[in-house]
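Report on the following structure.
The values are calculated or read from the model by the stated rules, or taken from the named source; none is laboratory data. Given the structure is predicted, the values throughout are model-derived calculations rather than measurements. All Cβ positions, glycine included, derive from the backbone under ideal geometry; neighbour counts span all protein chains shown. Remember, those area values only see protein heavy atoms, side chains included, never the ligands or the DNA or RNA. Shrake-Rupley method; radii C 1.70, N 1.55, O 1.52, S 1.80 Å.
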Amino acid sequence: MSMVMVGAGLLVAGLMASAQASVPTLSENFDNFASLGAGGWVIANSSVGPNLSWFAGNSGVFGAQSGANGSYAAASFTSTSGFPGAIDNWLISPALNVGASATPEFYTRGEDAGFFDMHEVRFSGGAGSAVSGFTTLLASVGSDSAASYPVGGWVQYTLTLPTAQSGRIAFRCVNADASNADCIGVDTVSVTTVPEPATMALTAWTLAAVAGTPCRQKPDASQQPST
């Protein structure tokens, strides 16, 4: 086997290994909360008597999971102006091309123990951002009837999206009675995907075909006819 064939084969193997690696489709650390809208994020406060929507974190409450101390997204009992009042406050990601086996990860924490903080992570297929479309519940953190939200430090969650070609993820701060709620934060949100097997197979086939194509060689001078 020629060195050209060996080198091409190694190139195919290397590119296949790279193709199988996870590819980031979203990475958000909330370093610039004011720019979220320009980046495709949507904030929707559907609380009863809506007041304060999701806001930039406050380092005086607790520090961020990474980056500057206040660089996280936060929601609290101030989502509604009424007590009692139902909280229903949404932080919605940009539209993503997620493919199959997409893996969302995020960190969250609460401020103080003893409160019934709760937030849901939901998914909606397609590019729409209407809250009515987020019918797929991916995870629920905490409870609005018990003090179970993680406090004292950031906790990482890793989820799996349903098979879809595109969609959005929503973080929904929810509580039936704001007087039982305190403050929660979300930070370091990422979504990674693995390329489709069909795409990887096509790449490998194409490279293998190129690798196997013989090159035209220059004739040996000793075998050239004399003039």
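Could you calculate the contour length gain from Asn69 to Thr158, that is, 0.36 nm times the residue separation minus the distance between their Cα atoms, to one decimal place in nm?
That works out to 29.7 nm of additional length.
Label separation (Val61 vs Ala34): 2.0 nm, computed from points 7 Å beyond Cα along the C-beta direction.
Go ahead and run the numbers for FRET between Phe83 and Leu52, Cβ-Cβ distance against an R0 of 22 Å, rounding to 0.05. Don't skip to the answer; put the middle values down first.
On the way: r = 14 Å, r/R0 = 0.63.
For Phe83 and Leu52, the calculated efficiency is 0.95.
Building the convex hull from the alpha-carbon atoms of the stretch 112-172 and averaging its projection over directions returns 4.8 nm².
The share of accessible area on the stretch 123-165 that comes from carbon and sulfur is 51 percent, using a 1.4 angstrom probe. Fraction of C-alpha pairs exceeding 19 angstrom in the stretch 56-164: 53 percent, rounded to a whole number. Full extension of the chain between Ala176 and Thr136 yields a length gain of 12.4 nm, computed as 0.36 nm times the residue separation minus the alpha carbon distance. Fully extending the segment from Ser101 to Ser143, taken as 0.36 nm per residue of separation minus the present Cα-Cα distance, adds 12.3 nm.
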